[in-house]
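The values are calculated or read from the model by the stated rules, or taken from the named source; none is laboratory data. What you see is a predicted model, and the numbers here were worked out from it, not measured in a lab. Cβ coordinates were reconstructed from backbone atoms using ideal geometry, including for glycine residues, and neighbour counts include every protein chain displayed.
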Ligand SMILES: C[S@@+](CC[C@H](N)C(=O)[O-])C[C@H]1O[C@@H](n2cnc3c(N)ncnc32)[C@H](O)[C@@H]1O
């Protein structure tokens, strides 16, 4: 796993005046993701995946075993290979597509493997190691709970760039997200933004839902300091904002509405479920949960839909790499399954916001959950 560059390598000089101007860098963020597709293709060639699977129709689990991948990596990598039309699946069994057999196998006149494999570099080996759960000894995770040891977010300068990068995206989606939440949450008086990162979503919700008396921002201290920085720089009205430094793996505060935006994707299903179980214990019976995420797409029938599916599947691989094998994008069905086990049922339709994210709304089921 390559080390993250330092802040000064990313942005040599900061122009102070530009800090307060809204920026829509979403398109550039999206472009960064597509490098994962070429990396994944080269990993396929390096591992001889097409020849090794050959004519078999096998389960996701069996492919994971064959290449020594972790469960989260298998889910993520196979989703991308399906969008890239190297694999296809029916009823949970995977096989190599005819086109991949023709173009990517060894020893075929139609194969373009030698050409496509040119320029392969060490990043491909690093990706394969991440897929196999072999992280470099000095690799540190992006995020962690309070007892999880050092994280990238403990390095203030790099953390600042990550937090400001994420907050500039949050500023873009805050209004459409607040509109999506207010469609079901207009009577609520308290909202908690879990893993808030920035104040923008809370502020937009306070504006969109006048009955809200307070919006709680929950984050680890190492993330919260940038929310404070933003609030100070922008002279934000903080009267209805509550800043709560806490670990969402320990507990969450009581609120009528919970927002979990771009946070589920940093974790494995069991850790995501842990956060949701805390929310389930704290939420009132008529409460509302909004999961706001880039969603893995499971079908695409137009070129535009395919491009979006590719973007999301590439994003999933970026997340897996950034979080040292923990995170990924989940499909709507996977979100519903995880939330269902924690005692929530989906309501309404998925609502796209912007920068590739979609809001999913849930209410607690009426049955008691332990
Ligand atoms: C990818 S960012 C999402 C930020 C924001 N919600 C958004 O949509 O842009 C994940 C956030 O979760 C926070 N976080 C990570 N681990 C946490 C933990 N154990 N407890 C509380 N917050 C945590 C991070 O500090 C970060 O602000």
- Task: Could you list all residues from segment 56-99 that are over 27 Å from residue 268 (Cβ atoms) and surrounded by 21 or more Cβ atoms within 10 Å (Cβ to Cβ)?
- Result: 96
- Note on the structure: Picking from 212, 218, 177, 206, the residue that is within 9 Å of the ligand (Cβ to nearest atom), crowded, with 19+ Cβ neighbours inside 10 Å, within 25 Å of residue 285 (Cβ to Cβ) and more than 17 Å from the chain's Cα centre (by Cα) would be 218
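Going by the conditions given, is residue 225 within 12 Å of the ligand (Cβ to nearest atom) and over 22 Å from residue 271 (Cβ atoms)? So that I can check it myself, show each step before the final result.
Numbers: within 12 Å of the ligand (Cβ to nearest atom): yes; over 22 Å from residue 271 (Cβ atoms): yes.
So residue 225 fits the description; yes.
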- Query: Any residue in segment 271-282 that is surrounded by fewer than 15 Cβ atoms within 10 Å (Cβ to Cβ), at pLDDT 95 or above and within 21 Å of residue 331 (Cβ to Cβ)?
  - Reply: no
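Out of the helices (runs of 4 or more DSSP H) lying entirely within segment 138-233, which hold 2 or more residues that are touching a residue at least 60 places away in the same chain (Cβ under 8 Å) and over 16 Å from residue 359 (Cβ atoms)? Steps first, please.
Values: elements: 156-185, 200-208, 221-233.
Qualifying helices (runs of 4 or more DSSP H): 156-185, 221-233.
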- Item | Considering residues of segment 249-263 that are under 25 Å from residue 183 (Cβ atoms) and in a loop (DSSP other than H, G, I, E, B) only, the residue farthest from the ligand (Cβ to nearest atom) | 256
- Query: Can you pull out the residues in segment 234-248 that are in contact with a strand residue (DSSP E or B) (Cβ under 6 Å, 6 or more places away or on another chain) and not in a strand (DSSP E or B)?
  - Reply: 240, 246, 248
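Working carefully through the options 17, 76, find the one that is under 29 Å from residue 174 (Cβ atoms) and either at pLDDT 95 or above or touching a strand residue (DSSP E or B) at 6+ places or on another chain (Cβ under 6 Å) (or both).
Details: 17 fails: either at pLDDT 95 or above or touching a strand residue (DSSP E or B) at 6+ places or on another chain (Cβ under 6 Å) (or both).
Testing whether each residue is under 29 Å from residue 174 (Cβ atoms) and either at pLDDT 95 or above or touching a strand residue (DSSP E or B) at 6+ places or on another chain (Cβ under 6 Å) (or both) leaves just 76.
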- Message: Based on this model, can you work out whether residue 211 counts as at pLDDT 95 or above and out of contact with any helix residue (DSSP H, G or I) (no Cβ under 6 Å at 6 or more places or on another chain)?
- Response: yes
- Filter segment 127-137 for residues that are touching a residue at least 12 places away in the same chain (Cβ under 8 Å) and farther than 16 Å from residue 48 by Cα and give the result. 130, 133, 135, 136
- Any idea which of (1) at negative phi; (2) away from the ligand (no atom under 16 Å from the Cβ) is the one residue 168 doesn't satisfy? (2)
